[in-house]
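Read the structure below first, then the notes.
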Amino acid sequence: MSHAPSAVPLSLRPATADDLAELARIEKAVNPAPWTAEQFKAELEKPYSRVLLLTDDETDTQIAGYVVFWLMFDEAQILDIAVDFPFRGLGYGKKMIRQVVTDALRKDIRRVVLDVRKGNAAAIAVYQSMRFAIAQIRKGFYSNGEDAYTMVLDLDLAGMPEEVSDF
């Protein structure tokens, strides 16, 4: 019995080596300069890196999205975040970012940083809706020469974004 993506309950869990092939498949489908399975595997082996998957609660086999981030020193850095096409527009990207923020706050980290393609208007709009601000432009950052925006979310408790504080 197949479910519409919006009807499937999803939860976040840490990725394992068994997930690498599916991660690479989704990455290749959604990213113009995709990571390889080897790159995801390397992240699984770093003590400061986290790879979280958004999977269906029923079988834990259908991956709707994932986020790769580092918790280092005084910041959380999102390296890769993706939502597979059938699950887009349902708030799952925000759900994963909220988890990054939660993990950062648990480690007393008050800043989340990411790079996004300058031409990725949909992602930029999501990040701005969560109060990320463009901090700089990185010229020719991507392998195809496209510029990136470095975006920052400061997690000072006085000005906690609403999307972050309502866990």
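The values are calculated or read from the model by the stated rules, or taken from the named source; none is laboratory data. Only a predicted model underlies this, so the values are computations on that prediction, with no experimental measurement involved. Note that we place each Cβ from the backbone using ideal geometry, even for glycine, and neighbour counts take in every protein chain shown.
Answer yes or no as to whether residue 12 is touching a Lys or Arg at 6+ places or on another chain (Cβ under 7 Å), at pLDDT 95 or above and not in a helix (DSSP H, G or I). When the stated conditions are applied, residue 12 does not pass them. Of the numbered criteria (1) at pLDDT below 95; (2) over 20 Å from residue 24 (Cβ atoms); (3) surrounded by 19 or more Cβ atoms within 10 Å (Cβ to Cβ); (4) not charged (D, E, K, R), the one residue 97 fails is (1). Among what's in segment 38-60 and is touching a Pro at 6+ places or on another chain (Cβ under 8 Å) and farther than 25 Å from residue 73 by Cα, pick the residue that is surrounded by the fewest Cβ atoms within 10 Å (Cβ to Cβ). Out of the qualifying residues, it is 57.
Once segment 75-110 is narrowed to residues that are part of a strand (DSSP E or B) and among the aliphatic types (A, V, I, L, M), the residue that is nearest to the chain's Cα centre (by Cα) is 81.
Among the residues of segment 104-123, which ones are touching a strand residue (DSSP E or B) at 6+ places or on another chain (Cβ under 8 Å) and not small (Gly, Ala, Ser)?
Across segment 104-123, the qualifying residues are 107, 109, 110, 111, 112, 113, 114, 115, 116, 117, 118.
As a summary of the residue check, residue 113 satisfies the conditions (1) assigned to a strand (DSSP E or B); (2) under 20 Å from residue 23 (Cβ atoms) except for the one numbered (2).
Within segment 111-130, restricting attention to residues that are among the aliphatic types (A, V, I, L, M) and within 17 Å of residue 49 (Cβ to Cβ), the residue that is nearest to the chain's Cα centre (by Cα) is 114.
Determine whether segment 33-48 contains at least one residue that is in contact with a Lys or Arg (Cβ under 6 Å, 6 or more places away or on another chain) and either not β-branched (Val, Ile, Thr) or not in a helix (DSSP H, G or I) (or both). Yes, some residue in segment 33-48 is in contact with a Lys or Arg (Cβ under 6 Å, 6 or more places away or on another chain) and either not β-branched (Val, Ile, Thr) or not in a helix (DSSP H, G or I) (or both).
Only one of the numbered conditions (1) more than 22 Å from residue 31 (Cβ to Cβ); (2) within 14 Å of the chain's Cα centre (by Cα); (3) small (Gly, Ala, Ser) is violated by residue 64, and that is (1). Against the condition free of Cβ contacts under 8 Å to residues at least 60 places away in the same chain, within 27 Å of residue 145 (Cβ to Cβ) and in contact with a Ser or Thr (Cβ under 6 Å, 6 or more places away or on another chain), how does residue 115 come out, does it pass? The answer is yes for residue 115.
The condition of being touching a helix residue (DSSP H, G or I) at 6+ places or on another chain (Cβ under 7 Å), among the hydrophobic types (A, V, I, L, M, F, W, C) and surrounded by fewer than 20 Cβ atoms within 10 Å (Cβ to Cβ) holds for only one of 24, 76, that being 24.
Checked against the criterion of being in contact with a Gly (Cβ under 9 Å, 6 or more places away or on another chain) and either of a type in the set (A, V, I, L, M, F, W, C) or not in a helix (DSSP H, G or I) (or both), segment 58-74 has at least one qualifying residue.
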